[in-house]
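Let me begin by presenting the structure, written as structure tokens, before commenting on it.
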Amino acid sequence: MSNKVIHIALANPRGFCAGVDRAIEIVENALEKYGKPIYVRNEVVHNKYVIESLKQKGAIFVNDLKKVPENSFLIFSAHGVSKKVKTDTLNYHLKSIDATCPLVTKVHKEVNRYLFEGYEILMIGHSGHPEVEGTLGQEADSKGKMHLIESLEDAKNIAIKNPNKLAFVTQTTLSLDETKEIISVLKHRFPNIQGPKADDICYATQNRQDAVKKSLHDADLFLVVGSKNSSNSNRLKELGDKNNIESYLIDDMNEFNPQWLNNKHKVLITAGASAPEVLTQALINTIKTYKQIEIEEIDGTEENIIFKLPKI
Ligand code: SF4
């Protein structure tokens, strides 16, 4: 490979997952059917570009439901919501439309089943992430049955009332490797713990991490297209960091620094599950303005999952 030509390897699959596609379509369909404005609780998916384009079409993103006028439509984001948010929506006389990813809803159902059966539940995830708030918030009566496990240390130290009535669930967008370690500690400490076969990490998170792992070894620069608050994008970047490869998470092409390309031969590019392909192409075009490039699409797991849209 010539020193002047930068080889760009594109990981596959990358970018939008079925849950993100569905959530965006729900907002767009609601705007088309009911006209603007349509209110959306939090960012419907974690991507700056997507949020800006939906704002331009008439979506208003809010954190505080008190700011939404009565009788307005309110869309719940792909990350899911707590029971309290659902009750507040009714109390404030709002009409809700649920864009929660069906794979998050599946976890909520599991949590509700365990709570009904009197289990204590360990949720493996990151504090403050909306999906974690929504899943922990399935315990509406705050009886302290749900505990957040954020690290191996937490898994080693958590105190449980009855280890024989214990279950775990996970956030859908975690690092596969870290989660495996945490679950193995929990299973060692609590042999009767109930839970999913492996974890609740979704197919899209798994496929994007696997695709990157397969191609990282000969890259000398790793770029992840995704927003800073996107959990699965951060987990992808961490794979580069752990392998000591210069890695950046890039949300907006203004953040691109051409110096990153100095003395580089092979750039691996991927995109988080909430990042549209148009941004990946913008990144390639940006690199092209500085260097001659050759592009390779790396084969990966084919994804053909489509989630049904709710009736609105
Ligand atoms: S990343 Fe996974 S859980 Fe999240 S919206 Fe996409 S498919 Fe659903």
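Given the whole protein assembly as supplied and a 1.4 Å probe, what does the accessible area of residue 189 come to in Å², nearest 10?
The value for residue 189 is about 90 Å².
Nearest 10 degrees, 0 to 90: what angle lies between the long axis of helix 203-215 and the longest principal axis of the chain (Cα atoms)?
With both axes taken from Cα atoms, the answer is about 30 degrees.
Which aspartates and glutamates have a Cα lying under 14 Å from the Cα of residue 308, excluding residues fewer than 8 positions away in the same chain?
Straight-line reach from residue 308, under 14 Å: 21, 25, 98.
If you plug each phi of the stretch 30-46 into the Karplus form 6.51 cos²θ - 1.76 cosθ + 1.60 with θ = phi - 60°, what whole-Hz ³J(HN,Hα) values come out, in order, with x for Gly and Pro?
Those phi angles translate into 5, 5, 5, 6, 9, x, 8, x, 10, 8, 10, 7, 6, 6, 4, 9, 8 Hz.
Compute, for residue 301, the solvent-accessible surface of its heavy atoms (probe 1.4 Å) with the complete set of protein chains present, and express it in square angstrom to the nearest 10.
Residue 301 has an accessible surface of roughly 80 Å² with all protein chains in place.
Expressed as a whole percentage, what fraction of the accessible surface of the stretch 22-111 belongs to carbon and sulfur atoms when a 1.4 Å probe is rolled over the protein heavy atoms?
Numbers: 2190 of 4390 Å².
Looking at the stretch 22-111 in its full context, I get 50 percent from C and S.
Please work out the C-alpha center-to-center distance from the stretch 244-288 to the stretch 29-80 and express it in whole Å.
If you average the Cα positions of each part, the centres end up 29 Å apart.
Over the chain, give the accessible area per residue in Å² for a 1.4 Å probe, as an integer. Let's see the in-between values first.
Details: 15000 Å² over 312 residues.
That works out to 48 Å² per residue.
Report, ordered by chain and residue number, the lysines lying within cross-link reach of residue 165, taken as a straight Cα distance under 29 Å and ignoring same-chain residues fewer than 8 apart.
Straight-line reach from residue 165, under 29 Å: 83, 84, 86, 106, 109, 143, 145, 156, 180, 187, 197.
Suppose every Lys and Arg Cβ carries +1 and every Asp and Glu Cβ carries -1, with no other charges. What dipole size does the chain come out with about its Cα centre, to the nearest 20 debye?
700 debye
Non-local amide H neighbours of residue 225 (under 5 Å, H modeled in plane, Pro and chain starts lacking H): which ones?
The list, which skips near neighbours in sequence, is 250, 270, 271, 272.
Using Cα atoms only, what is the angle between the long axis of helix 277-288 and the major principal axis of the chain, expressed in degrees (0 to 90) to the nearest 10?
30 degrees
Show which lysines lie in cross-link reach of residue 264 when reach means a straight Cα distance below 30 angstrom and same-chain residues fewer than eight apart are skipped.
4, 48, 213, 214, 228, 237, 242, 288, 291
Return one number: the angle in degrees, 0 to 90 and rounded to the nearest 10, between the long axis of the Cα atoms of helix 231-242 and the longest principal axis of the Cα atoms of the chain.
50 degrees
How large is the translational diffusion coefficient of the chain in µm² per second when you combine the Kirkwood radius over alpha carbon pairs with Stokes-Einstein at 37 °C and 0.692 mPa s? Walk me through the numbers on the way to the answer.
On the way: Rh = 20.8 Å.
Approximately 158 µm²/s, per Stokes-Einstein.
The values are calculated or read from the model by the stated rules, or taken from the named source; none is laboratory data. Computed from a predicted model, the values in this text were never measured in an experiment. Neighbour counts are summed over all protein chains in view; Cβ atoms, including those assigned to glycine, are modelled from backbone coordinates with ideal geometry. Note: accessible area is taken over every heavy atom of the protein model, side chains too, but ligands, DNA and RNA are not part of it. Shrake-Rupley method; radii C 1.70, N 1.55, O 1.52, S 1.80 Å.
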